[in-house]
Amino acid sequence: TAGITQAPTSQILAAGRSMTLRCTQDMRHNAMYWYRQDLGLGLRLIHYSNTAGTTGKGEVPDGYSVSRANTDDFPLTLASAVPSQTSVYFCASSEMLGSNIQYFGAGTRLSVL
Amino acid sequence: DQQVKQNSPSLSVQEGRISILNCDYTNSMFDYFLWYKKYPAEGPTFLISISSIKDKNEDGRFTVFLNKSAKHLSLHIVPSQPGDSAVYFCAASIQGGSEKLVFGKGTKLTVNP
């Protein structure tokens with residue numbers, strides 16, 4: 001079982017450019033999440049989705065947008081990247097929002113120059 | 001305001017000895033706690049959890065202890081193995097609601113052969 005698939009695995013992006021990080025799950029989980037991991041700051045929630053068609057803001061949503069057109073896909077878009085968005089991004093899912101065990105993808109390492 | 005705190009950024013232990021990773025929380029509403037393990041270039045994976053109705057949960061070499069009055073939990077690994085070397089994240093949530101997981105900043109464990 002693939003679980004959570006993220007693409008690309010890594011990317012170098014020029015500041016000001018846009019980019020979409022892709023996330024697909026095959027577990028039919030209702031809830032999905034995007035985190036960023038930065039040294040010394042741990043995992044911080046960017047956006048989440050309770051179910052297809054609904055999204056919500058996490059702890060650090062500025063500069064990011066998400067959509068949830070269907071159950072399986074939860075893309076994260078940076079409309080105009082800035083160097084402070086250099087980070088490792090993790091997508092996760094859980095059966096429901098509030099279901100405690102989340103399952104993570106392998107991450108996307110993004111460098112904004 | 002950091003609701004889940006892991007005050008030790010790193011820990012080094014000799015193979016065969018006990019590793020103790022600590023986590024403190026401030027929100028008394030939290031009633032479910034999890035530990036995640038993360039290897040480099042991989043996503044976090046669920047390790048063990050504990051509900052607030054218990055004070056101990058054991059799974060093989062891993063035991064989590066919860067002290068509700070002190071708002072403190074710890075993860076014990078006995079005996080420690082080099083393959084346990086990873087970053088360990090503590091997380092907390094409120095069961096049954098729509099609350100998301102709140103993660104600590106992580107502790108990097110190194111088990112020396």
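The values are calculated or read from the model by the stated rules, or taken from the named source; none is laboratory data. Quick caveat: nothing in here was measured; it's all calculated off a predicted structure. Glycine gets a Cβ as well: all are built from the backbone with ideal geometry, and neighbour counts include every protein chain shown. The protein model used for the area step is the full one, side chains on, heavy atoms only, and it has no ligands, DNA or RNA in it. Shrake-Rupley method; radii C 1.70, N 1.55, O 1.52, S 1.80 Å.
What residues of the stretch A:9-36 lie in the reach of a label at A:E59, counting those whose backbone N is under 16 Å from a point 7 Å from the Cα along Cα→Cβ? Within reach of a label on A:E59: A:33-36.
Computed packing ranks the peptides A:65-76, B:5-16 as A:65-76, B:5-16, most packed first, by mean other Cβ atoms within 10 Å.
A cut-off of 5 Å between modelled amide H atoms, ignoring neighbours fewer than 5 places along the same chain, links A:L13 with A:S111, A:V112, A:L113. Ligands, DNA and RNA aside, B:V87 has an accessible area near 40 Å² when probed at 1.4 Å. Using only side-chain charges placed at the Cβ, +1 for Lys and Arg and -1 for Asp and Glu, the dipole size of the protein assembly as shown relative to its Cα centre rounds to 260 debye. Averaging the sequence gap over all C-alpha pairs within less than 8 Å and six or more residues apart, then dividing by the number of residues, gives the stretch A:18-113 a relative contact order of 32 percent.
The trypsin sites (Lys or Arg not before Pro) of the stretch B:61-113 meeting both criteria, a DSSP state outside H, G, I, E and B (loop) and at most 15 other C-beta atoms within 10 angstrom of the site's C-beta, are B:R61, B:K68.
In terms of the ratio Rg/(2.2 N^0.38 Å) built on C-alpha atoms, what value belongs to the stretch A:59-113? Against the compact-globule rule of thumb, the ratio is 1.26.
For chain A, the average shadow cast by the Cα convex hull is 6.4 nm², which is a quarter of the hull's surface.
Solvent-accessible area of the stretch B:1-99 (1.4 angstrom probe, protein heavy atoms only): carbon and sulfur portion equals 48 percent. Sort chain B into rounded, prolate or oblate with this rule: let a ≥ b ≥ c be the square roots of the eigenvalues of the Cα gyration tensor; rounded if a/c is under 1.5, and if a/c is not under 1.5, prolate when a/b is larger than b/c, oblate otherwise. Because a/c hits 1.5 or more and a/b exceeds b/c, chain B counts as prolate.
Largest first, the extents of the alpha carbon coordinates of the protein assembly as shown on the three principal axes equal 49, 39, 37 Å. For the set A:D38, B:D84, B:D55, solvent exposure ranked by accessible area (probe 1.4 Å, protein chains only) runs largest to smallest as B:D55, A:D38, B:D84. Starting from the Cα of A:S67, move 7 Å in the Cα-to-Cβ direction to define the label point; list residues of the stretch A:42-60 whose amide nitrogen is under 12 Å from there. Taking a point 7 Å out along Cα→Cβ of A:S67, the residues of the stretch A:42-60 whose backbone N falls under 12 Å are A:53.
Report the local net charge at A:D73: Lys and Arg +1, Asp and Glu -1, summed over other residues whose C-beta lies under 14 Å from its C-beta.
Spelling it out: positives minus negatives among the neighbours equals +1.
Taking the Cβ of B:Q81 as the centre, find all other residues whose Cβ is under 11 Å away and add up their charges (Lys, Arg: +1; Asp, Glu: -1). Neighbour charge sum, excluding B:Q81 itself: 0. Applying a threshold of 22 Å to the alpha-carbon distances of A:K57/B:K105; A:K57/B:K54; B:K68/B:K100; B:K54/B:K108 flags A:K57/B:K54; B:K54/B:K108 as lying beyond it. Within the assembled protein chains, the solvent-accessible surface assigned to B:M29 is about 120 Å², based on a 1.4 Å probe. Taking label positions 7 Å along the Cα-Cβ direction at both A:E95 and B:N67, the computed distance is 3.3 nm, reported to one decimal.
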